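Notes follow the structure.
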Amino acid sequence: MVNRKEIELLVEERIQELDNGLYVVEMTISSSNVIRIEIDKISGGVTVSDCVSVSRNVEHNLDREKADFELHVSSAGLDKPIRHINQYIKNVGRRVHVAKKDGTAVEGEIVKVSDDKIILSNDEMQLLEGKKRKEKVEVIYEIMLTDIKEANIVISFK
């Protein structure tokens with residue numbers, strides 16, 4: 001079996017060497033030693049050379065004689081849910097769809113991120129008191145990170 005701590009150290013070592021804002025979003029190791037490492041960058045996108053560099057550091061420092069393994073290093077894609085606080089920070093100003101653990105969902109633009117919550121803003125049509133027609137109003141949602149089941153970036157082609 002592949003040692004998770006050893007892989008974490010090798011990945012972190014390379015990320016520190018590159019010093020370009022990379023961080024690990026998720027790392028999984030299956031029972032058949034399939035290692036999947038997903039990385040992202042605080043600003044900008046992850047390059048192929050970033051993935052190759054991290055992959056090579058792990059590949060060249062693990063002994064295949066001890067345990068054979070399969071290694072996949074990739075970037076966090078737009079189609080995947082947000083799973084790390086840095087991803088929320090990176091996407092301030094973008095629209096997200098948030099499914100909450102209580103079964104409700106909200107959509108809006110990320111306007112602020114703190115250690116324990118995100119704040120979304122969304123323009124919605126609402127019937128205001130004393131008015132006959134709905135008007136567009138800004139609605140602010142404060143969502144605790146612990147209440148989020150899944151958050152996805154809303155991809156728009158406008």
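Any read-out appearing in this document is the output of simple, stated calculations on the displayed coordinates, not a laboratory observation. Remember, it's a predicted structure, so these values are computed and weren't measured experimentally. Positions of Cβ are generated from backbone atoms using ideal geometry, with glycine treated the same way; all protein chains shown enter the neighbour counts.
Points worth noting:
- Fluctuation leader among Leu128, Leu71, Leu18 - the chain, Gaussian network, Cα springs under 10 angstrom: Leu128
- For region 31-81, trypsin sites (Lys or Arg not before Pro) are listed when DSSP marks them as loop and at most 16 other Cβ atoms sit within 10 Å of their Cβ; the list is Arg64, Lys66.
- Debye, to nearest 20: dipole size of the chain, +1 on Lys, Arg Cβ, -1 on Asp, Glu Cβ: 800 debye
- Whole-Å distance, taken between Cα centres, linking region 60-82 and region 18-59: 7 Å
- The angle separating the long axis of helix 4-18 from the principal Cα axis of greatest extent in the chain is about 80 degrees.
- Between the helical axis of 48-61 and the longest alpha-carbon principal axis of the chain there is an angle of about 40 degrees.
- The Cα atoms of the chain cover 76, 30, 29 Å along the three principal axes, with the biggest extent listed first.
- With a threshold of 19 Å on the Cα-Cα distance, the over-threshold entries among Lys112/Lys158; Lys90/Lys112; Lys5/Lys66; Lys101/Lys158; Lys100/Lys134 are Lys112/Lys158; Lys101/Lys158; Lys100/Lys134.
- With eigenvalues of the C-alpha gyration tensor scaled by 5 and rooted, region 85-153, Å: 25, 13, 10
- Considering region 4-75 at the alpha-carbon level, its Rg and Dmax are found to be 11.7, 38 Å.
- Antiparallel DSSP beta bridges within region 4-75, percent to nearest 5: 55 percent
- Across region 57-125, the volume of the C-alpha convex hull divided among the residues equals 161 Å³ per residue.
- Neighbour-count order for Glu38, Glu124, fewest beta carbons within 10 angstrom listed first: Glu124, Glu38
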